[in-house]
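J.: Have a look at the structure that comes next, please.
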C-alpha cells in the first residue's frame, strides 16, 4: 500500500467569504486559486488559497455555511493550521506585518526545533507560521509571485496540522498503525508525528488535552484535514484497507480537482485522502486567471444559473491589479 506523502489541504469554516478572501489575499499574501462551491452543499462557497500554481500541499480552503454558529473549543478536534515560510528571518518580518495590519498574534517561540508564530483571524481561527530554516523533507511550494508579500518572506505551503486529543493511545494507533506515520518526538503535552519524506509539510502535532468539553464545529474551526496520496491507484488501496479494518468511509469521491476518500479513524476527526492531481488549472481557468471566476466542476455546470443566484458575487479579479511588495 502506498504511504501518505504529507498534508494535501486543510479545510476550515469562515463566517464571511468576503472577509476571508481579503485576509488571505491582502494580509497573508496567498493566491486564491479556485472560487467554487461546496460540492455537497451547492449554496455554499468553497474557496481555495494556495501557492502561485495551486500545488498540492499548499492549499487552505474555506466553507461559508449559512447561519452556522461560532465554534466551541474543546477536546478531540483539529485545532491549528500551520503555514511554511522560508526562514527565521521571515518570522521576524511577519511579526512586523501582523503589527501593521492589527492581526492578533503571540510572541514567536521554538517548537520541535522550529521557529513558530501563532496568530488568529477575525473568527479566532487558529493558525501558525513555521520556519523552514534547516528543514528537510517535502519540498515547499512557490510564493505568489504577484502578491503583496516579498518572495523571500512569503508563505510557500502548509506545514503541520495540530490535533487536540483526549485519548493519546487511540490517536497514536490511528496515526501510526493505520496511517503509517512515525512518532518522532514529544515535548510536554505535544507529540510530533511524521509521514512520507517528513519535514514541515508532512507532520501532525498532537496536543494531549485534559479538556472535558467536546469541541463543536462552527465558524472559526477546522472542518477536516486531507493527506496527500499519489493517484487513483493509491486511493483504491486505501479504500480496500479501510474496508478490511472495518473503518467507516465514503468510498471513492470525485472532486474534479482531485480524487478523494473520507474516513473517521478517531471520533470527531474527519480525515481525507486526496490525490495530487489533476489540479486547479483546467478548462475553465488558465494560470493567469486562477480564482477569478466562479468555477464549477462539469457535473454542476448545467446548474450554473441556480448556483449564481444562490451564492452572492464576490469580486476576486486580480490579473488587472498590481500589488506592491510590502517591506516593514
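Only the coordinates and a few stated rules stand behind these numbers; no lab work does. What you are looking at is a predicted structure, and each value in this text was computed from that prediction instead of being measured. For neighbour counting, all protein chains shown are included, and Cβ atoms are generated from backbone atoms with ideal geometry for every residue, glycine included.
J.: What value, in deg cm²/dmol to 500, does the helix sum -39500 (n - 2.57) over DSSP H runs of n ≥ 4 give at 222 nm once divided by the residues of the chain?
T.: Calculated mean residue ellipticity at 222 nm is -4000 deg cm²/dmol.
J.: Expressed as a rounded percentage, what relative contact order does the chain have, with Cα pairs under 8 Å and six or more residues apart?
T.: 24
J.: Which value in nm describes the separation of the simple spin-label points at residue 151 and residue 304, placed 7 Å from the Cα toward the beta carbon?
T.: 3.5
J.: Another question, if that's okay. When a footprinting reagent is the concern and you count Cβ atoms within 10 Å, what order do 287, 241, 266 take, fewest first?
T.: 287, 241, 266
J.: Further, regarding this structure: Per the Kirkwood treatment, what hydrodynamic radius in Å, one decimal, follows for segment 264-328 from the mean inverse distance over all distinct Cα pairs?
T.: Its Kirkwood hydrodynamic radius stands at 15.6 Å.
J.: Could you give the length gained by full extension between residue 282 and residue 188, i.e. 0.36 nm per residue of separation minus their alpha carbon distance, to one decimal place?
T.: In short, 29.3 nm is gained.
J.: Using the 10 angstrom Cβ neighbour count as an exposure proxy, how do 273, 105 rank, fewest first? Don't skip to the end; give the middle numbers.
T.: Details: 273 26, 105 17.
With the sparsest Cβ surroundings first, the list reads 105, 273.
J.: Sticking with this one: Set the Förster distance to 35 Å, then compute FRET efficiency between residue 134 and residue 26 from the Cβ-Cβ distance, nearest 0.05.
T.: Efficiency at R0 = 35 Å is approximately 0.70.
J.: Taking the Cβ-Cβ separation of residue 321 and residue 252 as r and a Förster radius of 41 Å, what is the calculated FRET efficiency to the nearest 0.05?
T.: 0.55
J.: Tell me, 121, 283, 43 in order of fewest to most beta-carbon neighbours within 10 Å?
T.: Ordered from fewest to most neighbouring Cβ atoms within 10 Å, 121, 283, 43 come out as 283, 43, 121.
J.: In nm, to one decimal, how far is the residue 104 label point from the residue 41 one, both placed 7 Å along Cα→Cβ?
T.: If labels sit at residue 104 and residue 41, their model points lie 2.3 nm apart.
J.: Ok, one more. Find the centroid of the Cα atoms in segment 279-315 and in segment 246-277, then give the distance between the two in whole Å.
T.: One Cα centre to the other: 23 Å.
J.: Quick check: residue separation of residue 1 and residue 232 times 0.36 nm, minus the Cα distance between them. What number comes out in nm?
T.: Residue separation times 0.36 nm, minus the Cα-Cα distance, leaves 81.9 nm.
J.: Report, to one decimal in Å, the Kirkwood hydrodynamic radius for the chain based on all distinct Cα pairs.
T.: Mean inverse Cα-Cα distance, inverted, gives 20.0 Å.
J.: Give the peptides 301-308, 95-102, 198-205 in descending order of average Cβ contacts within 10 Å, highest first.
T.: Result, highest mean Cβ count within 10 Å first: 198-205, 95-102, 301-308.
J.: To continue, here is another question. Would you give the gap between the C-alpha center of segment 49-74 and the C-alpha center of segment 159-221, rounded to a whole Å?
T.: Between the Cα centres of segment 49-74 and segment 159-221 lies a distance of 19 Å.
J.: How many nm separate the modelled label positions at residue 293 and residue 66, each set 7 Å beyond the Cα in the direction of the Cβ?
T.: Label at residue 293, label at residue 66, 2.5 nm between them.
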